[in-house]
Each structure stands twice: as structure tokens, then as C-alpha cells.
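Undergrad: First, the structure itself, so that you have it in front of you.
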Amino acid sequence: LFQMGGRSRFLVLSRRLVDQSINRVLPSVSTLPSSSSFSFPTGRRTIHTSTPALARFRTTTPPPLKEIGVMLTPTEGIYSAGQLFVHRLFAYKGIILCGFKTNVNEKVESSKEIIRRDEMQYQVLIHRGDWATMGFPVDLTAYLSEPNSYSNRGERVLTTMTGLDCVSHGDIIPFAGSERLPIDHDLFDRIFHASEAASETQQAEAGGVPAVRYTIRNEIRPFYISSTRSWMAPCHVNREITEGIEVTVTTFYLGTTLNGGQPKHMWRYLMRLNNLSGSTVIVRERHLKVFSLNSMHQLNGHGVIGRQPELTAARPAFQFSSNVDLPQSKGGNMWGTFKMERENGQAFDVQIPHFHLDTPLSDSPLPPIVPPPPPSTSPTVPSP
């Protein structure tokens, strides 16, 4: 983020340099003052800014830069569909599809106390140009496709979608875009319609410069209020910190399918590890336990999804997604540990918070939060 002409603007590094140029991502913007001058430590370097916002990237050799928009003040309220943002930890550019108010259970370190609260979680599209450098698999999101109409077996195929993520409210750094096509993603044009910001308020929020507003196409809106899309809604979020390593688990109920004629209930869980200690650690092993119907089985392996991620001060976070199926819709539980290794070779265990595998109270959860249709009718474009 740089000060230009009295306004705070987001600038991004050229893609070939981004991987070596991103230093430590700064703390949540909601905790930062709104003006004057500040310096922020980022590992072994210091970023200095005199703008009312954040410094985002730091390089030893100034790389080519591209302006992507004007930073907006983070809000405690709900972000609407069509809001552009930069991810606080993974530094990718994205756009919000929809949001869900979700129950969060956070276990206090060195205590049995669990803090419960509600927190907004957002389904988002990720800019294709950031897929190679964001540091986690691009195929995080999975859902059960509809049964084949030519088959009566009721079997549904697990299908993955690329370039989607589920993001918590605190990880959103919002900005106003100036491009009509700010996100390179196959779904962007199918879902969003771009138009110039109509109100003086929107122009003022964007620093007085021409800003583009992104709204969901009218013909697409029923998709987001349909109860059949329950796989997009998080069931709950569980978070726990062990020795400076924060593990967050977000679960999604995908629905039921038939396997060999027997019904199976399927969940997806998204796990994020965030190194808050500042020192380098490596994820060596995972140990997960799954309990259901008075039986238990274990899921053990080296690293996660074939990797042994290194969590450093410059790249402190990693996330992955997996699936689990059970014969019943209630009473499932999972918990476990990660075996971590410090730079000096010392090994230690990090707790994976206990989480439940239960269907929502209704298989048709509350519809995602989306803004009302714009007052002016957007041109209708046939769905591809």
C-alpha cells in the first residue's frame, strides 16, 4: 500500500517477483490507528508507512508495480457480495460471493475454557494470477454433484472446484477496484456484473476516484438463496493455539450419497495452521481420530496432503481441505495432533481442536447473506 496523491492505493508486485517479494503479513487492520506515521516489524525487516492504512509488500529491489484499487476502511459490519479484498495472511486478491454467520468455538491456550461467539465467514473467488503463489492447494472446495438422472442408485460424485476459499471476517482487507474485470476466474463473468459506482458516497469511499461496483447478476441470484446449496455454509469453526501455533478447523456438511446401496453422510473440513511464534517450524506428521457409532479409527500420515509445510515468519500459514464420510448423520467427532519440528530439531505436538460431525439443525440452512438487487436493472446475459 502506498500514498499517492493524498489517497491510499493498493499496488501489487509483478507476478514473477511476488513469491520472493512478499514479506510478513501485518496484523489485522482493525487494530491499527487511522492516521499518522507507524513502523511495523516484519521478520528481520521494517516496513514504514505514513498513510492511514497498511504497508503490504517489501522488496530489496523495487519491482514493477500495478495499481489495483483504493483501500477502504475495514468494517465491523457485514461485507456484501462483490466486495474486493486482499487476504490478510495469504495475500491473494479475491471477491466475496456470499457470507454466513457461523458459530466459533475458541479454546484458550493452557486452559479448558472455550469462548463461543458468532463470526462472519465468506465464500470467495480467488484471482487466478495468485494461485501459484498463495501457498496452499487451489482445489480446496468440494461438493456432492446431483445424482445421475439415468441412474436410480442415488449415487452422487464428489466434485472439486478450483479457486474458491472460505475466509473469516478478520482476514478481509477491503478495497475498491477500478477495473471492470478485476478477478481472473472462470466464474467471475457468470456471477458478477460490473457498473460504475452510482452514488457520491461510493465515490467518496473510493477516495473520489472512479470506482467500479460489482453486483450479482439477477439471473444468478436464485442460486445463492437456494437451500440445495447448503454445502457452501460452514457448520462451525473451532480454533486452538498450542505453543504459538494456531489451528483452525471449519466444517461443511456436503449431504448424503449411496455407497454400495448404503447411505453415507459426508463432511468437508478445512484446516489452517498459523505460526504466531515468529520462529520457523515444519509440519512433520498428522494424527487424527474419528469416532462414530461406538467405533474409532485413525488417520495418520507424514505431513499433510503429501507435503511437509514449513511455516516461517515470511510465510506463517498453510491450509488444506479433506473429506470424511460416516454412516450416521449425528454423533461424529474428530480430534488429533500435528507433530511439529523446530529449527533446532526439537519436536513438539500441536493440538487439533475437537470438532463435531453433525448435520445442521436443518438440511436447509439459512440462505447466505447477499445484498438486495440494485435499483437499476442490469443487462441480462445468458448463462454460458
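The values are calculated or read from the model by the stated rules, or taken from the named source; none is laboratory data. None of these values were measured; they are calculated from a predicted model. These area figures cover heavy atoms from the full protein model, side chains too; ligands, DNA and RNA do not enter into them. Shrake-Rupley method; radii C 1.70, N 1.55, O 1.52, S 1.80 Å.
Undergrad: Share of the range 209-312's accessible area from carbon and sulfur, percent, 1.4 Å?
TA: 51 percent
Undergrad: Round to a whole number: what % of the accessible area of the range 92-138 belongs to carbon and sulfur, probe 1.4 Å?
TA: 49 percent
Undergrad: Separate question: With every protein chain left in place, what is the accessible area of Ile241 in Å² (1.4 Å probe, nearest 10)?
TA: Using a 1.4 Å probe on the heavy atoms, I get roughly 40 Å².
Undergrad: Quick one: check the C-alpha center-to-center distance for the range 335-362 versus the range 70-144, whole angstrom.
TA: Here the answer is 20 Å between Cα centres.
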